[in-house]
Amino acid sequence: MQSAIPRRFDASGPPDCQSDVRRSVFLPKQKSQPPSILLIVDSQPLTFEAFNVPLTGEQLGRRLRRASNTKNRTGTTMLDTELRTMIDEVKDGRMDRRGFVQRMLAFGLTAPMATQILAIGGVAMAEGPSVYKPTKRGGGGALKLLWWQGPTLLNPHFATGTKDQDGSRLFYEPLACWDADGNMKLVLAAEIPSLENGGLSADGMSVTWKLKPGVKWHDGKPFTADDVVFNWEYARDPATATVTIGVHRDITVEKVDDLTVRITFKKPTPFWADAFVGAPGSIIPKHLFAEYKGAKSREAPNNLSPVGTGPYKFVEFKPGDVIRGELNPDYHMPNRPHFDTIEMKGGGDAVSAARAVIQTGEYDFGWNIQVEDDVLLRLEKGGKGKTVYAVGGDTEFIALNFTDPNTEVDGERSSMKTKHPLLSDPAVRKALSMLVDREAVKKVIYGRAGRVTPNFLNGPEKFVSKNTSWEFSIEKASKLLDEAGWKPGADGIREKDGKKLKLLYQTAINGPRQKTQAIVKQACQKAGIDVELKSVVASVFFSSDVANPDTYAKFYADLEMFQIPMSQPDPAQHMRRYHSRNVATKENKWQGVNFPRWVNKVYDAAIDAAEAETDLVKRAALYIKANDIMMQDIVFIPVMHRLKVEACANTLRPVVSGWANETDNLFDWYREATG
Amino acid sequence: MSQYVLRRLLIAVPSLLGISLVLYIVLALAPGDPFSELATNPNVPPEVAAALRAKFGLDDPIYLRYLHWLAAMVQGDWGFSFVSRMNVDTLILQRLPTTLYVIGSAQILALLIAIPVGVYAATRPYSIFDQIANTFAFIGFSLPTFFTGLLFILVFSITLDWLPFVYSSDIKATGIRWLFEQIRQAIMPVMVLGLFQAASMTRFVRSAMLDVIRLDYVTTARAKGLGQPRVIVKHAMRNAMIPVVTLVALQMPAVFGGAIVTEQIFRIPGIGSLLISSILSNDTPVVMAVTFVFACLVVLFNLIADILYGWLDPRISFR
């Protein structure tokens, strides 16, 4: 039950709840814009056409980079001058990022585009605004966290689930993490690598991190570049059996000096912030783990008693039950942490966790509250806490099988040698996409924790396509099927050439999913499509067990619904899955992750191009194109963009990002005297 | 008698072997994968999960895995948890004190209620007291613990706000305050379990007592002029306890095994919650160890019950 439920309740919730979080929790005060910005707006009548994003993004990017990187700027256009002035103003701190973004919005650019222009213009992937208020270290009392699936181990390299990453992250830290808006935030690094500061190479082949000086492990030993290099060696050794090996085996990490490391990639890597960033990139100390690299990794005593660099020092750990920590008086960030002790309790279920936080106030924060919205609304009435939401990119979707699940070829069903007898007709796929009533799913099931979406790729903002749309219409779907030759038979079920329109629709057992299935089935029935529902225990559905026919990778059904969490604010990993080389087959023991077994050369080309593209604007355009191809072909029917839902005491001011683990920004959490 | 014990212990060996074999096969055949959580993590390529499976020997044939497990177990090596990569025995020992405290207290509470109430009800069958005791007993064992647990939480934690409903394995207070907190947080789970046990046990004690109290030797004892308390306690109860001892002995393994449902509801970090989370994450070594220890305890307590019979009723001989 617990293991495979997608941890995130992600997606793009309704704008109202998002802004609620951002404004009230993360950004209590909005800065007013400097008046100078307005003047610039008036003086420069930039036209919308000049910024037509998908077309001129690349040129714009180049021009901007030229504009900001070249010392002797000659012969620049008015546009360049104006933009450059603004970018410089942002760089010098005369204009704030928000101001810049809002100006750009006035020209018809989206906010993420504007942010991207800043990034290209040489302003580092800036840190989001910090709202941390306490002016001294400690004094916040105890912070009590309730994780209804308790962490079972505390070595980030062994973390099988996000719960383990959450637990490890209390004590261990990465070089940088992600804030609520998907901006990078520095932790152990001294500055964010950029082209400007020489941290990034122009060809995208390497990234150089400068480490914060004076950082100490909890046992007093200094944190240096050796520790970072060691983590790479440790994780990439197959004998160590880490789960982070995938991130580390294709890179090379070298020490430049005591406080500088360089990561070199095998091929141009536009998204360079994978290794050592976020909770999975947390760094363990070399001096305590060096002896336990390789086959002896399990014997390291510190697997259970972490010595990290984080805001809290380790006190006690009981797997699956409780983790305790206390304030680290030598923490490297000023005035942090706020709380004197920290406790993370595990076990139980989501509903009672919500109760313990929102209703009785026994705990301050409850993780991943996958509870129906009306239950939460009831608990919130007159309670001691509330729910908070964080927007990430997690999308619940229905995948369509492009191969035939009912014909066996060489001992393999859903074989690449077959074609789906019904779903290979685009009209059927199109009709199906019109039969998923996303608005009803949101209203009945997800409530504030979901947003309807026409896209497969729902974040970060700059990668979200604006070219797509969706609709729910049983009449239009019926008409489409009529036109394609699918005529209702005697039993009301449509058929064509003797093939009946009957589909098997499977998913994991999980309340909201079964309800969604019922909503879809009902609409399909009205349109003359017979849908048989099947639900599989989550631990089976999501398992990699080769012998089991009911896994999502085998896909022995016509439709299946699940979600793949997006764990970092970049679509590369997410979109790469559906490259045609990744189809799941018997040959690769169903380890391929392209479960719909969809093959589209244009898509492949877009993904290949995006992975090698170092121009960020062009890269974003390629991913948007990839999403659009997917939606045109109707490989997936997006059901819901899901938000992370957490329960939180009224007085607590947590910082939770949809792009990171809940504990990733723990150093910025504090409590206010009044709710 | 020592010969009897030795013989029983020897007989236990093949039955335990049989139990372990069945357990292992059932677990191996059960679908699922301890690394299924990795499969949905886009950061982790599928080969990594496959490599981990291979490294932990999950791809070996079942008989080989069983033999490995058995060989290690005989040498006292219980293996390590796939999920926490910690030794299984440490994991279990960490959970044992809480389970013993909570479930043990519940059992004691059940006995403290069941024996006096059952005996008293049997001495006055169909009296008002007996009727009331019976009614409550029926209600008690008809209500499942997951229901009474939630009911208690709603009443005592949420409405009245008297008791916490999240169990904490170590309370930070010291001295008398520690003791107070420890008792306070255990009240609800102990009540839920204890009352449930007490209900069925009361019925049991009552009927065992009723059987005995009508026998001739009890009448004889009364005829000798012995007082009621002496007749009941010394003569009737001793014999009536034989079936009760069986019942209690068979419930003792549960004291070590924990109560899965109640532990889950109150977040008690006991063996029961360890077992359920291990089953859900397909952590075979832990499930195997817990269930096997459970089997051993059942065998052991059966033996203890048999020996106790001899003490309670010298006519039962060990052969």
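The values are calculated or read from the model by the stated rules, or taken from the named source; none is laboratory data. Note that the structure is a prediction, hence the values are computed from the model and not measured. A quick note on method: Cβ atoms are made from the backbone with ideal geometry, for glycine too, and the neighbour counts reach across all protein chains shown. Accessible surface is based on the protein model in full, side chains and every heavy atom, while ligands, DNA and RNA are left aside. Shrake-Rupley method; radii C 1.70, N 1.55, O 1.52, S 1.80 Å.
Exceedance of the 24 Å cut-off in Cα-Cα distance is limited, within the set A:K515/A:K644; A:K267/A:K419; A:K381/A:K442, to A:K267/A:K419. The heavy atoms of B:H235 present about 50 square angstrom of accessible area, all protein chains included, probe 1.4 Å.
Between the amide H of A:T269 and those of A:M205, distances stay under 5 Å, these residues lying 5 or more places away or on another chain, with hydrogens modeled in the peptide plane. Residues B:E181, A:E560, A:E408, sorted by accessible area with the largest first, give A:E408, B:E181, A:E560 [1.4 Å probe; ligands and nucleic acids excluded].
Relative to the globular-protein estimate of 2.2 N^0.38 Å, the Cα radius of gyration of region A:589-675 stands at 1.64.
Over region B:231-276, with a single point scatterer placed on each C-alpha, what log10 of the ratio I(q)/I(0) does the Debye formula yield at q = 0.15, 0.20, 0.26 1/Å? Debye curve over Cα of region B:231-276, log10 I(q)/I(0) at q = 0.15, 0.20, 0.26 Å⁻¹: -0.53, -0.65, -0.83. Calculated mean residue ellipticity, 222 nm, the protein assembly as shown: -13000 deg cm²/dmol, from DSSP H runs (n ≥ 4) at -39500 (n - 2.57) each, averaged per residue and rounded to 500.
For region B:145-189 and region A:616-675, write down the distance between their C-alpha centroids in whole Å. Taking the Cα centre of each part, region B:145-189 and region A:616-675 sit 36 Å apart.
For A:K499, A:K419, the ranking by accessible surface with the largest value first comes to A:K419, A:K499, using a 1.4 Å probe. So if the hydrodynamic radius of region B:97-312 is defined as the Kirkwood radius over C-alpha pairs, what does Stokes-Einstein give as its diffusion coefficient at 37 °C and 0.692 mPa s, in µm² per second? Estimated via Stokes-Einstein, D reaches 171 µm²/s.
Accessible surface for A:T269 stands near 40 Å², nearest 10, in the context of the full protein assembly shown (1.4 Å probe). Of the residues A:T516, A:T341, B:T174, the one with the largest accessible area comes first in the ranking B:T174, A:T341, A:T516, computed with a 1.4 Å probe on protein heavy atoms. Contact residues in region A:289-320 (at least 50 Å² less accessible area with all protein chains than alone, 1.4 Å probe): A:R298, A:K318, A:P319.
Overall size of region B:223-319 from C-alpha positions, given as principal axis extents largest first: 65, 36, 13 Å.
Over both sides of the A-B contact, add up the buried accessible area with a 1.4 Å probe and give it to the nearest 100 Å².
Its buried surface, counting both partners, is about 4800 Å².
Within 10 Å of the Cβ of each residue in A:545-553, the mean number of Cβ atoms contributed by other protein chains is 3.
Here region A:123-225 has an Rg and Dmax of 16.5, 49 Å, counting Cα atoms alone.
Running Debye on region A:368-478 with equal point scatterers at the Cα sites and no solvent, what base-10 log of I(q)/I(0) appears at q = 0.13, 0.18, 0.22 Å⁻¹? One equal scatterer on each Cα of region A:368-478 leads to -0.73, -1.03, -1.19. Legend: Rg and Dmax of region B:94-157, from Cα coordinates, 15.1, 48 Å.
Shown here are the Rg and Dmax of the Cα trace of region B:265-319, at 17.1, 50 Å. Distance from the C-alpha centroid of region B:85-110 to that of region A:310-327: 21 Å, rounded to the whole angstrom.
Averaged over the residues of peptide B:46-53, the number of Cβ atoms from other protein chains lying within 10 Å of each residue's Cβ is 6. Label separation (A:D530 vs A:E196): 6.5 nm, computed from points 7 Å beyond Cα along the C-beta direction. Each 10 Å bin, from zero up to the one with the longest distance, holds this percent of the alpha carbon pairs of the protein assembly as shown: 2, 10, 18, 21, 19, 13, 8, 4, 2, 1, 0, 0, 0. Here the accessible area of the protein assembly as shown is 60 percent carbon and sulfur, with a 1.4 angstrom probe and all protein chains present. Exposure check, 1.4 Å probe, all protein chains in place: B:Y63 carries approximately 150 Å² of accessible surface. Rounded to the nearest whole Hz, the Karplus-based 3J(HN,Hα) values (6.51 cos²θ - 1.76 cosθ + 1.60, θ = phi - 60°) of region A:398-405 follow the sequence 9, 8, 9, 7, 8, 10, 8, x, with x at glycine and proline. For region A:211-220, putting each phi into the Karplus relation 6.51 cos²θ - 1.76 cosθ + 1.60 with θ = phi - 60° gives couplings of 8, 5, x, x, 7, 10, 5, 4, 8, x Hz, in residue order, rounded to whole numbers and with x for Gly and Pro. Write down the percent of antiparallel bridges among all DSSP beta bridges whose residues are both part of the protein assembly as shown, to the nearest 5. Rounded to the nearest five, the antiparallel share is 75 percent.
Entry comment: accessible area of the protein assembly as shown is 40 Å² per residue, from protein heavy atoms only and a probe of 1.4 Å.
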